[in-house]
Amino acid sequence: MKFPFFITVAGVLVLSGVIGSAYAEDIMTLRDGIAIDIEPKAPLMPKVENTDEKRVRNYPEQPPTIPHHVRSYEISTNANKCLSCHSRKRTGESQAPMISVTHFMDRDYQVLATVSPRRYFCNQCHVTQADTKPLVENMFIDVEDLLIEGKNN
Amino acid sequence: MTALIRKIWKLVVYVWQNTTRPAKHLSIGFLTLGGFVAGVIFWGGFNTALEVTNTETFCIGCHEMADNVFVELQSTIHYTNRSGVRATCPDCHVPHNWTDKIARKMQASKEVWGKLFGTINTREKFLAHRRRLAGHEWERMKANNSLECRNCHSVTGMDITQQSARAATAHQKFLFTGQKTCIDCHKGIAHELPDMTGVAGWE
């Protein structure tokens, strides 16, 4: 089936309009319904949780979240403040959990003597948490619950 | 040459003879009071000048300080915080005790030399020297048991129940027992760190 050119163009325009407006609505909810050309009042900065208590991981491979403040912690070519407690040699004095052995492997799973450069930037995966209301509904179900549900059905 | 030496010697003898002889025209009262007043003015002037060199404005008068360490300080808790108490350069880098202060000021004459000859007048030069410069401060604070930290943060005033669990444990274990001093663990809290390879506690 062949459409004349102008109909194709019109179709694309209408479709993009529909999709675009749907996206715009999503963005609007995050912006509290304030138009894009108006600067909304900045929300309060939430406080970082500082309880030092381990949190449950949502799935086994999840990088554990940081249960303490990391304000001004330097991670640069010169120094890594996280490793001054969490590195293998420092854990005796700090009693902090040691970085996992996966951090000593390069991308080909070759085990290195020290932290792999690709695992050096801790906050690429590990982040602090704040007690805030979720911006969108979360429908995540823990895999263990799914397994139980599967057995029951 | 000998004529010059003889001339200088004559001048020395002249000054000595005049200072050791009683005053001919000035009364003892004038000399005593005048000496006292001059002393006050000199001492006041000296201390005022000394205090001027103990201000943040004076420190960041040199671009070496303004463009490197001062910029790094600004985002840290010692410069910006919820209660608005601010530690300025001399609060941490100049001892408050008078004799120690004068000793530090005498050491600082080497820094004037560095300024004159541009030892760290570019960012690159500063970074190249950073490990050595930071090392001087770590050594100084290690030697005086982190006195400048303790001018504000006293062990007796520290309520560890208000601290996070890991901070409380660490302070009880290492600080209260005297095993470690503040700077042993809290390096780089106010400025960026140099290359920490080989520094104790950063293995």
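7 Å from Cα along Cα→Cβ at both A:I141 and B:D159: what's the point-to-point distance in nm?
4.8
So, by mean Cβ neighbours within 10 angstrom, what's the order for B:101-109, B:175-183, B:77-85, A:82-90 with the highest one leading?
The packing order, highest mean first, is A:82-90, B:175-183, B:101-109, B:77-85.
What list of ³J(HN,Hα) values in whole Hz, one per residue of the range B:160-177 in order, does the Karplus curve 6.51 cos²θ - 1.76 cosθ + 1.60 (θ = phi - 60°) give from phi, with Gly and Pro shown as x?
6, 6, 8, 8, 5, 4, 5, 5, 4, 4, 4, 5, 5, 6, 10, 7, 5, 7
Between B:F176 and A:H126, what's the calculated FRET efficiency when r is the beta-carbon distance and R0 is 30 Å? Round to 0.05. Please report the intermediate quantities before stating the final value.
Numbers: r = 30 Å, r/R0 = 1.01.
The value I calculate is 0.50.
Hey, what do the phi angles of the range B:130-146 turn into as Karplus ³J(HN,Hα) couplings, whole Hz, using 6.51/-1.76/1.60 and θ = phi - 60°, x for Gly and Pro?
4, 4, 5, 5, 4, x, 4, 5, 4, 5, 4, 6, 5, 5, 9, 6, 6
Convert each backbone phi in the range B:106-111 into a coupling constant with the Karplus relation 6.51 cos²θ - 1.76 cosθ + 1.60 (shift: θ = phi - 60°), then list the ³J(HN,Hα) values in order as whole Hz, x for Gly and Pro.
Calculated HN-Hα couplings, in order: 5, 4, 5, 4, 5, 5 Hz.
Starting from the Cα coordinates of chain B, work out the convex hull volume and express it per residue in Å³.
Values: hull volume 47.7 nm³, N = 203.
Taking the convex hull of the Cα positions in chain B, it is 235 Å³ per residue.
For the Cα atoms of chain B, what angle does the longest principal axis make with the long axis of helix B:2-20, in degrees from 0 to 90, nearest 10?
Orientation of helix B:2-20: about 90 degrees from the principal axis.
If I model a spin label at A:D32 and B:Q107 as a point 7 Å from the Cα along the Cα→Cβ vector, what separation in nanometres do I get?
It is 5.1 nm.
Distances over 25 Å make up what percent of all Cα-Cα pairs in the protein assembly as shown?
On the way: 46032 of 63190 pairs.
Summing the P(r) tail past 25 Å for the protein assembly as shown gives 73 percent.
Given a Förster radius of 25 Å and the C-beta distance between B:V71 and B:A200 as r, what FRET efficiency does 1/(1 + (r/R0)^6) yield to the nearest 0.05? Walk me through the numbers before you get to the answer.
Details: r = 28 Å, r/R0 = 1.10.
E between B:V71 and B:A200, to the nearest 0.05, is 0.35.
So, in nm, how far is label B:R6 from label A:R118 when the simple model puts each one 7 Å beyond its Cα toward the Cβ?
According to this spin-label approximation, the distance is 9.0 nm.
For the range A:42-71, state which GluC sites (Glu not before Pro) are in a DSSP loop and have at most 14 other beta carbons lying within 10 Å of their beta carbon.
Taking the range A:42-71 and a limit of 14 other Cβ atoms within 10 Å, the loop GluC sites (Glu not before Pro) found are A:E53, A:E61.
Where a number appears in this text, it was derived from the coordinates with a stated rule and is not lab data. On a predicted model such as this, the values are computed, not experimentally measured, just so you know. No Cβ is skipped: glycine too gets one built from the backbone with ideal geometry, and neighbour counts run over all protein chains shown.
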